[in-house]
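The values are calculated or read from the model by the stated rules, or taken from the named source; none is laboratory data. The model shown is predicted, which means the values in this text are computed figures rather than measured ones. All Cβ positions, even for glycine, are placed from backbone atoms using ideal geometry, and neighbour counts span all protein chains on display.
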Amino acid sequence: MIIEQLEVGHMDNFCYIVGCEATRKALVIDPGPDAGQIVAAAENAELVIEMIVNTHTHGDHTAGNAALKAMTGAPIILHAREADGYPQADVLLTDEESLQLGDITLEIIPTPGHTPGGICLYARGNLFTGDTLFVGDSGRTDLPGGDRPTLGASIRRLMQLPDDTVVWPGHDYGPTPSSTIGWEKRHNVNAREYGYYVAD
């Protein structure tokens, strides 16, 4: 499994290229505004972009959708509860679906709270969290559609994944660009509220 983490846009956003080593097929998670940067990175890795997935539909995570689709022909995929936020989507997901990328199965984990239809993607010990979970923090809930108790329930669900699960967040807001579920249990500022604080 190939993972390319790219910083795009002006809000410290992370975009991800996830690739299958066997087939060289790839998907892009949350493309920022510079689609050319994303395509160039995929080409450098000898990957072919076949899907565009949005963890949610805030503009900093969808800014590159249209240009990237025009350059690659890849469909835009998001959860059905986010459809109003990006009506140009090609595929609407429902709860507990999965996406197949070559020989990689990515599980879709619904994680509402930051937005009503937020999702995370989980595959082979890697968790792409969008704005649900940051390194050491979590997404805000004071925007339209946000709800803190709902976000807390979503994060409690994520905390049930194995401790060595790698967390790939939607923004570079923490001390490191990625972490693990085990690290978050010990250091996330909201961990006590979520009920998963573990003392060192």
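From the list 74, 89, which one is over 16 Å from the mean Cα position of the chain (by Cα), under 16 Å from residue 117 (Cβ atoms), at pLDDT 95 or above and surrounded by 16 or more Cβ atoms within 10 Å (Cβ to Cβ)? If you could, list the steps in order and put the result at the bottom.
Working: 74 fails: under 16 Å from residue 117 (Cβ atoms).
Exactly one of 74, 89 is over 16 Å from the mean Cα position of the chain (by Cα), under 16 Å from residue 117 (Cβ atoms), at pLDDT 95 or above and surrounded by 16 or more Cβ atoms within 10 Å (Cβ to Cβ), namely 89.
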Item to check | Cross-chain or 6+ apart pairs with Cβ under 8 Å, the range 87-108 first and farther than 16 Å from residue 74 by Cβ and touching a residue at least 60 places away in the same chain (Cβ under 8 Å), then in a loop (DSSP other than H, G, I, E, B) and among the small types (Gly, Ala, Ser) | outcome: 103/22
Next on the checklist: With the requirement that a residue be modelled with pLDDT under 95, touching a helix residue (DSSP H, G or I) at 6+ places or on another chain (Cβ under 9 Å) and in a loop (DSSP other than H, G, I, E, B), what does the range 143-173 give you?
Outcome noted: 145, 159, 160
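With the requirement that a residue be in a strand (DSSP E or B), over 12 Å from the mean Cα position of the chain (by Cα) and under 11 Å from residue 171 (Cα atoms), what does the range 8-27 give you?
Keep residues of the range 8-27 that are in a strand (DSSP E or B), which gives 8, 13-19, 25-27.
Next, from what is left, pick out any that are over 12 Å from the mean Cα position of the chain (by Cα): 8, 19, 25-26.
Once the filter is applied, which keeps residues that are in a strand (DSSP E or B), over 12 Å from the mean Cα position of the chain (by Cα) and under 11 Å from residue 171 (Cα atoms), the range 8-27 yields only 8.
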Checklist entry - Hey, among the residues in the range 7-25 that are surrounded by fewer than 19 Cβ atoms within 10 Å (Cβ to Cβ) and of a type in the set (A, V, I, L, M, F, W, C), which one's nearest to residue 58 (Cα to Cα)? => result 11
Next on the checklist: Condition first: surrounded by fewer than 18 Cβ atoms within 10 Å (Cβ to Cβ), among the small types (Gly, Ala, Ser) and without any contact (Cβ under 8 Å) to a residue 40 or more places away in the chain. Can you find one or more residues in the range 164-182 that meet it?
Outcome noted: yes
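What residue, of 1, 51, 11, is among the hydrophobic types (A, V, I, L, M, F, W, C) and touching a helix residue (DSSP H, G or I) at 6+ places or on another chain (Cβ under 6 Å)? Spell out how you get there, then give the answer.
Working: 1 fails: touching a helix residue (DSSP H, G or I) at 6+ places or on another chain (Cβ under 6 Å); 51 fails: touching a helix residue (DSSP H, G or I) at 6+ places or on another chain (Cβ under 6 Å).
Step by step, each of 1, 51, 11 is checked, and only 11 is among the hydrophobic types (A, V, I, L, M, F, W, C) and touching a helix residue (DSSP H, G or I) at 6+ places or on another chain (Cβ under 6 Å).
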